[in-house]
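Right, one structure below, let's go through it.
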Amino acid sequence: MLHLPLITYLTLSFFAFGDTDLFIVQDTVDLDGPVLVGEINGVINPVVSEYMQRIIEEAKRKDAQLVIFKMDTPGGLYESTHIIVESMLNSTVPIAVFVYPRGARAASAGVFITMAANIAAMAPGTHIGAAHPVFQGGSDSTKVDPIMMKKIENDAVAFIKSIAKERGRNIEWAEKAVRSSETLTADEALQLNVIDLIATDVNALLDSVDNKVVKTKNRYVRLHTASANTVDMPMSFRERLLMVLANPSIAYILFMIGIYGLIFELSYPGAIFPGVIGGISMILALYAFQTLPVNYAGVALMVFALALFIAEIYIQSHGVLAIGGLISLTMGSILLFNKNLNPIFRVSYGTIALFVALTAALFFLVIFKAVQVMRRKPVTGMEGLIGEEGVVKEDVTPRGGMVLVHGELWQAYSDEPLPVGTIVVVEAVKGLKIKVKKKEDAPD
């Protein structure tokens, strides 16, 4: 029988049978740097992805011992979630995800992010789950290819199972969260090994993980967080601004402001301000569309509506083009964000109805004013003299005479002789002569 020193035996045992606490302790690096604290409150999108990656990189530069992400999310985009999880799994700095405060949730994309953390924690009164993927390619879920749906589901299942295996969490429940949209309370999640601990706040979390050994990408580290210095890492102004723009309702409103601005600028050339505001709003809206699951058929219909509105300005269609634009705008607004997606990616029908009604009111007002102008008698040029009063300065006969109208002398004629001083009314303009008649209530 081969006798080996104890340390050699334990080392071989690690490689043969897996992890052992003794081996971890011997290969552990002690960390005592600051703890960075970020906050995710809302939809998971490219802005959140960029924000989390920035904090992870900042943690490396600051030699931080831990990054904590307080999270309350209804879910978000799969691609953004994939980027976040990849950054977390490859981080050399331990990462904790804390579903916080009470009443918060880690739904859909939040499940993937929570399970990818080195330390997963939840506050009392929170819940986690409902991670079934939602197809983003069509506007009617009943018409989506079931084979494609199955592929998407299987891909999400494989993704979350690989995360759970990497972090030593409950693989069976992870699959159920995706396939069956199962959810758990904080207590249930702890009992089923979905999370590591329950904490009331960040300080309680730091106390709980003090002296804990965590495996990162390339090493084992021991945390010393009981008295660690915490550094809040809020979103920058740029990130907050982009987060606002990534709201579907805000993106839609900006697009509508862009449409109004361009219409006013083309209606009143040289106004400048409406065109500038409209152009900026349109560009910001198009950026926001890049971060959202947009149906580009809806965008095309809205752009076509803009074209019809502009055409209405230059072509007298008696409202036909404007009505066509309103129909196109309404259909485009409804189709802009796929209706079978999570409600967080939809624009409410109330918002759509409001802007369609405003647009209709605007164009009906423009058309009404245009009709009024067309019916109004001319007030300038030769035609503007008709109906105006004047005074005879030289006897007017059917053959001619002189009349003062608007401070100007005009050659005039009439059907009956009119003496000097008679108040007359212009009946018609023929060339450079005017036809006049005596004002009905004028004195003789």
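Springs join every pair of Cα atoms under 10 Å in this Gaussian network model of the chain, and among Ile423, Ile113, Ile344 the largest mean-square fluctuation is at Ile423.
Counting only alpha carbon atoms, the long axis of helix 320-335 and the longest principal axis of the chain meet at about 10°.
Report the calculated FRET efficiency for His318 and Asp415 (r = Cβ-Cβ distance, R0 = 60 Å), to the nearest 0.05. Walk me through the numbers on the way to the answer.
Working: r = 40 Å, r/R0 = 0.66.
Plugging the Cβ-Cβ distance into 1/(1 + (r/R0)^6) gives 0.90.
FRET efficiency for the pair Asp207 and Ser236, taken as 1/(1 + (r/R0)^6) with r the Cβ-Cβ distance and R0 = 22 Å, rounds to 0.15. Available extension along the chain between Ile423 and Tyr268 is 51.6 nm, counting 0.36 nm per residue and deducting the alpha carbon span. Rounded, prolate or oblate: which fits the range 242-333, taking a ≥ b ≥ c as square roots of the Cα gyration tensor eigenvalues, rounded meaning a/c under 1.5, else prolate when a/b beats b/c? Verdict is oblate for the range 242-333. Is the shape of the range 386-444 best called rounded, prolate or oblate, per the rule: a/c under 1.5 gives rounded, else a/b larger than b/c gives prolate, else oblate, with a ≥ b ≥ c the square roots of the Cα gyration tensor eigenvalues? Rounded shape, in that the Cα axes give a/c under 1.5. If you sort the three axes of the alpha carbon gyration tensor as a ≥ b ≥ c, you get a/c of 1.5 or more for the range 25-235 and a/b above b/c, which makes it prolate. Of Ile147, Ile253, Ile171, the residue with the greatest mean-square motion in the GNM of the chain, using alpha carbon springs below 10 Å, is Ile147. GNM on the chain, alpha-carbon springs under 10 angstrom: the most fluctuating residue among His82, His318, His127 is His318. Packing around the peptides 264-273, 431-440, taken as the average count of other Cβ atoms within 10 Å per residue, puts them in this order, highest first: 431-440, 264-273.
So how much slack lies between Asn229 and Asp155, counting 0.36 nm per residue of separation and subtracting their Cα-Cα distance, in nm?
Numbers: separation 74, 0.36 × 74 = 26.64 nm, distance 4.01 nm.
Full extension from Asn229 to Asp155 adds 22.6 nm.
Stretching Leu362 away from Glu57 to a fully extended chain increases their span by 104.8 nm, per 0.36 nm per residue minus the current alpha-carbon distance.
Bear in mind that the values in this text are calculations on the coordinates, not laboratory data. This is a predicted model, so every value here is computed, not measured. Here Cβ is always computed from backbone atoms with ideal geometry, including for glycine, and neighbour counts include all displayed protein chains.
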